[in-house]
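The values are calculated or read from the model by the stated rules, or taken from the named source; none is laboratory data. None of these values were measured; they are calculated from a predicted model. As a convention, Cβ positions derive from the backbone with ideal geometry for all residues, glycine included, and neighbour counts pool all protein chains shown. SASA here: full protein model, heavy atoms, side chains in, ligands and nucleic acids out. Shrake-Rupley method; radii C 1.70, N 1.55, O 1.52, S 1.80 Å.
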Amino acid sequence: MRYSGLSVLKEGLFGNKGWKPVWREPEPKAEYDIIIIGGGGHGLATAYYLAKNHGLTNIAVLEKGYLGSGNVGRNTTIVRANYFLPGNSEFYSHSLKLWEGLERDLNYNVMHSQRGIINLFHSDGQRDAFARRGNAMVNQGDDAELLDREGVRRLVPYLDFEQTRFPIYGGLYHRRGGTARHDAVAWGFARGADQRGVDLIQNCEVTGIDIVDGRVTGVQTTRGAIRAKKVGIIAAGRSGQVAAMAGMRLPIESHILQAYVTEGLKPVIDHVVTYGMGHFYISQSDKGGLVFGGDLDFYASYAARGNLPMLEHVMEAGMTLMPMIGKAKILRTWGGIVDMTPDGSPIIDKTDVGGLYIDCGWNYGGFKATPASGWCMAHLIATGEPHEVARRFRLDRFRTGHLLDEEGTGSQHNLH
Amino acid sequence: MRLNCPLCGDRDLREFTYYGASVYADRPEGGWSEAWDDLLHLRDNPAGETNDLWYHELGCSAWIEVSRNTVTHAISDTRLLAERKPAAKGAKA
Ligand SMILES: Cc1cc2nc3c(=O)[nH]c(=O)nc-3n(C[C@H](O)[C@H](O)[C@H](O)COP(=O)(O)OP(=O)(O)OC[C@H]3O[C@@H](n4cnc5c(N)ncnc54)[C@H](O)[C@@H]3O)c2cc1C
Ligand SMILES: [Zn+2]
């Protein structure tokens, strides 16, 4: 069923009784050409682009919970292309362009909203660093504007500019940055993949990876063994454990990242504002909730909830930056398990096992990458060659020293 | 979450800095080798029991090994790194 303004109107008039389930719930077949482990944003996008760009449809996505139960439904939805290093820059640029056509492509409203992102800076040195980053963005063909303090004030007058902790000097403004509805992204890719014949299998946990003579032959699951010629591991925070089933040890430590949302308020914050010095960023959802977050809890964790010290720290930073939000009531807090790499950049590569591919290491920034990660992983699985915008996301780059350390914080997983 | 420093007692988490699995303290001998890739980058990353390395930065500056569960956040034991369990030392568990 194609969605359109007319279909919404028609269903509205007739009691919304005509909507059909958005995807099938098939039983797993005994064999597929390709199995994707993980039904998060990246796994679903990979299946979608395998079908759409490469005409491959004998594919199953195996998800241990329900589709979108992982980080794709837990993130703070920021979409941007403001990277600096060659390797990252072209990849996120490609991703943002895909976002800009995604709703038409998927025939699905993912509520992509290019409301603009303002990264604040608070010293001369930080201004120089942001100017340099902005130039890299412009050189990549994306947009960036360096705002002085008055420029920032015109856009977001409600900030406390004179705060004693980190007085605001200005900001880097990325107009094409913004947000999207996270669940809708998972659902839109799921629907698109299903319509092209991909089997989406929920409540199906992969418990083993079968390897014969150095080649993958299938997987063991809680719903039985399934054979496959090629397998993609796209399991985000659980990547280390899934890769261990194939005897691999990854350059990944799983950490907890928290986020917070307030009760719904009238529109008050029109942009995404980031306050890196204070470890705080915020936007307002279309429902009116203020959605905000900060840094990792900093210790390895598989609990989808965090501890109070980071919560308190984030609240303090928020109050320093925008005292006006002090009376908003927190509705919910939660956490997600993020797959941190030693340089803060991701991995999209083949492994030493024939037919086994891996897409992981998204740290806390993989939501914006969803379309391009799917696009490039599909390219890799279909052709056996890395896509040109993802060719530096190599699994062996740590051993060979070809790091992509965007923040320059060194080989420690929790510092990126 | 609070951590029990063997020297200072039960202290707020915020006083400590985290350095990952305690095998991080076992630096390889000599110049570059695969062992350095292991130390700096690769992780067992277990979901469950782990021995971590923490530094009591805002306290007595002791290096502490913490037995902790990464799924429940329960802490079962702490000790000075210098008094590490032989089993944990160098083990990849
Ligand atoms: C609080 C928070 C805020 C964030 N904010 C942002 C942001 O603002 N912008 C941004 O770009 N990124 C953000 N991120 C990061 C982003 O959410 C992730 O990088 C991205 O969602 C990871 O890819 P995914 O969607 O495929 O992961 P997931 O949705 O986690 O998908 C992985 C899936 O694999 C499944 N799985 C795991 N093991 C198995 C198994 N053995 N068998 C079968 N299935 C398995 C899981 O159940 C899960 O559904 C944030 C993350 C968090 C936690
Ligand atoms: Zn101490």
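Sort A:Thr221, A:Thr207 from largest to smallest accessible area, using a 1.4 Å probe on the heavy atoms of the protein chains.
Final ranking, largest accessible area leading: A:Thr207, A:Thr221.
Tell me, what is the 1.4 Å probe accessible area of B:Cys60, in Å² to the nearest 10?
Answer for B:Cys60: close to 50 Å² accessible.
Amide H to amide H under 5 Å from A:Glu31: which residues, 5+ apart in sequence or cross-chain, H placed 1.01 Å off N in plane?
Excluding prolines and chain starts, which carry no amide H, the hits are A:Arg227.
Got a sec? What order do A:Met377, A:Met315 fall in by accessible area at 1.4 Å, biggest, i.e. largest, first?
Reading off the accessible areas and sorting them downward yields A:Met315, A:Met377.
Any idea how far apart A:Asp33 and A:Glu385 come out in nm if each label point goes 7 Å out from Cα toward Cβ?
Those two pseudo-labels are separated by 1.9 nm.
For the protein assembly as shown, what proportion of DSSP beta bridges, expressed in % and rounded to the nearest 5, is antiparallel?
Counting DSSP beta bridges with both partners in the protein assembly as shown, the antiparallel share is about 75 percent.
Can you give me the accessible area per residue for segment A:10-50, using a 1.4 Å probe, in Å²?
With the other protein chains kept in place, segment A:10-50 gives 50 Å² per residue.
Between A:Tyr158 and A:Asp124, how high is the FRET efficiency from 1/(1 + (r/R0)^6) when r is the Cβ-Cβ distance and R₀ = 22 Å? Nearest 0.05.
FRET efficiency, A:Tyr158 to A:Asp124: 0.35.
Using 1/(1 + (r/R0)^6) with R0 = 45 angstrom and r between the beta carbons of A:Val268 and A:Gln220, what's the FRET efficiency to the nearest 0.05?
Between A:Val268 and A:Gln220 the formula returns 0.30.
What figure, in Å² to the nearest 10, do you get for the accessible area of A:Glu312 with a 1.4 Å probe and non-protein molecules left out?
80 Å²
Classify segment A:115-272 as rounded, prolate or oblate from the Cα gyration tensor: take a ≥ b ≥ c as the square roots of its eigenvalues, call it rounded if a/c is under 1.5, otherwise prolate when a/b beats b/c and oblate if not.
prolate
Just list whichever of A:Lys266/A:Lys287; A:Lys229/A:Lys350; A:Lys287/A:Lys329; A:Lys230/A:Lys350; A:Lys29/A:Lys52; A:Lys329/A:Lys368 have alpha carbons separated by over 18 Å in the model shown.
In this structure, A:Lys29/A:Lys52; A:Lys329/A:Lys368 lie more than 18 Å apart at Cα.
Heavy atoms only, probe 1.4 angstrom, no DNA, RNA or ligands counted: give me B:Ser76, B:Ser61, A:Ser113 ranked by accessible area, highest first.
Ranking B:Ser76, B:Ser61, A:Ser113 by accessible area, largest first, yields B:Ser76, B:Ser61, A:Ser113.
For A:Asn109 and A:Glu11, calculate 0.36 nm times their separation in residues minus their Cα-Cα distance, and state this gained length in nm to one decimal.
33.6 nm
Once you have the Cα-Cα distance between A:Tyr66 and A:Leu146, take 0.36 nm times their residue separation minus that, and quote the gain in nm to one decimal.
Contour length minus Cα-Cα distance gives 24.6 nm.
Ignoring ligands, DNA and RNA, please state the percent of accessible area on segment A:232-285 from carbon and sulfur, probe 1.4 Å.
Whole-percent figure for carbon plus sulfur exposure: 58.
What is the average number of partner chain Cβ atoms found within 10 Å of a Cβ in A:294-305?
Per residue, the number of nearby Cβ atoms from other chains is 5 on average.
Calculated from DSSP H runs of 4 or more alone, at -39500 (n - 2.57) each and per residue, what is the 222 nm mean residue ellipticity of the protein assembly as shown, nearest 500?
Helices in the protein assembly as shown give a 222 nm mean residue ellipticity of -7500 deg cm²/dmol.
Kindly provide log₁₀ I(q)/I(0) values, in the same order as q = 0.09, 0.14, 0.15, 0.19 Å⁻¹, from the Debye equation applied to equal alpha-carbon scatterers of segment A:29-171.
Taken in order of the listed q values, log10 I(q)/I(0) reads -0.43, -0.85, -0.93, -1.19.
Exactly which chymotrypsin sites (Phe, Trp or Tyr not before Pro) in segment B:1-92 are in a DSSP loop and have at most 13 other Cβ atoms within 10 Å?
Sparse-neighbourhood loop chymotrypsin sites (Phe, Trp or Tyr not before Pro): B:Trp32.
Just the accessible area for A:Leu9, please: 1.4 Å probe, Å², rounded to the nearest 10?
Here the residue's solvent-accessible area equals roughly 110 Å².
Rounded if a/c is under 1.5, else prolate if a/b beats b/c, else oblate: with a ≥ b ≥ c from the C-alpha gyration tensor eigenvalues square-rooted, which is the protein assembly as shown?
oblate
With charges set only on the Cβ (+1 for Lys and Arg, -1 for Asp and Glu), what does the dipole of the protein assembly as shown come to about its Cα centre, in debye to the nearest 20?
My answer is approximately 1420 debye.
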